[in-house]
Amino acid sequence: MAEHGKDMDLDDLFAMARDERPEMPAGLQSAILADAAAVQAGWTTPQPEPLRGGFWLQLRQAVGGWPSLGGMVAASAAGLWIGFTGPDFLPDPVTLISASAEEEFVPYDSYDLAVLLAEDTQ
Amino acid sequence: MTSGAAPSDDALLVLFANGDGQAAAELTTRLGPRAFGTAFRVLGNRAEAEDVAQEAMVRLWRIAPKWEQGKAKVSTWLYRVVMNLCIDLKRRQRGGHVDLDAVPEPEDPARSAAETLQERARWDALQGALMQLPERQRQAVVLRHIEELTNPEIAGVMDISVEAVESLTARGKRALAKALAGRREELGYGDG
């Protein structure tokens, strides 16, 4: 009987606890709602896509994907082709380089200019 | 949220994930007091219960876009997070050599002045007796007898079997009755 009485007391206490839940503090409610707004704002703000993957993938993403990369490869190949098999009316760049390296005559160097002028006066 | 029937917690969470601010307010009204009340009963400390409730709700907001409707009850998921946060807090405090169970239960300042002294005494007596229980027993008793979860739900929250829940709640109730036995008259229950 005594045990039964204790159980009833406990049930009564539990019922009281259910009826009188501790009220949520107003500050807590506003903090929770502020958190909710912040989390939602994080979803709506567009975030720049971080670069992921290996070096080549990052390079491809950096130059603008496959179309840009294709254009770059085509331009590079065309440049190389023009370099080796250029049109006849253009000077051979290799000859130009070697010629400029060999040619040490500077027409307007002060010494050479003096010699030229001397020749003219003779 | 214009239809007559109140939307489920699941539906509100989906609305929240879609940017509905009103859904957050409704979920806070429904779930906030439960999270706070449960944490308060388990921890016996108002400030810590506030921290736990806020953290649990933040986790709910963050998981909203990934929430699978119908897979779990939102409230059960929240109880689980609250209980885990309470356990984590206790572990950290034990690491710092603070035994909160030894701290006398705080008075709840939110209670109205109109409450009778006897009601206050009963409230405090129950909280004090709860704080004397081992942690897992206290959690099971609070979830079963105050939050009114079913045993399978509690098993899901606490990650234990239904039999273990039954054992914890039975032992918890016995320990509570024993702790309160000497105070029956003081609490207005007579000699029974």
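The values are calculated or read from the model by the stated rules, or taken from the named source; none is laboratory data. Values in this document were obtained by computation on a predicted structure and should not be read as measured data. Cβ placement follows ideal geometry from the backbone for every residue including glycine, while neighbour counts extend to all protein chains displayed.
Quick notes on this structure:
- Residue, nearest to the other protein chains (Cβ to nearest Cβ), within the stretch B:16-56, restricted to residues that are over 18 Å from A:Leu28 (Cα atoms) and surrounded by fewer than 19 Cβ atoms within 10 Å (Cβ to Cβ): B:Gly19
- Evaluating B:Gly70 against the criteria (1) surrounded by fewer than 15 Cβ atoms within 10 Å (Cβ to Cβ); (2) under 22 Å from the mean Cα position of the chain (by Cα); (3) not aliphatic (A, V, I, L, M) leaves one unmet condition, (2).
- Test result for B:Arg94, more than 11 Å from chain A (Cβ to nearest Cβ), at pLDDT 85 or above and within 15 Å of B:Asn45 (Cβ to Cβ): no
- Restricting attention to the stretch B:142-192, the residues being touching a residue at least 12 places away in the same chain (Cβ under 8 Å), within 11 Å of chain A (Cβ to nearest Cβ) and more than 25 Å from B:Asn84 (Cα to Cα) number 5.
- Residue in the stretch B:150-169 that is farther than 18 Å from B:Leu43 by Cβ, of a type in the set (D, E, K, R) and in contact with a Ser or Thr (Cβ under 7 Å, 6 or more places away or on another chain) present: yes
- When the stretch B:57-67 is filtered for residues that are within 11 Å of chain A (Cβ to nearest Cβ) and either of a type outside the set (A, V, I, L, M, F, W, C) or surrounded by 17 or more Cβ atoms within 10 Å (Cβ to Cβ) (or both), the ones remaining, listed by number, are B:Met57, B:Val58, B:Arg59, B:Leu60, B:Trp61, B:Arg62, B:Ala64, B:Pro65.
- Yes/no for B:Arg30 being under 20 Å from B:Leu126 (Cα atoms) and not in a loop (DSSP other than H, G, I, E, B): no
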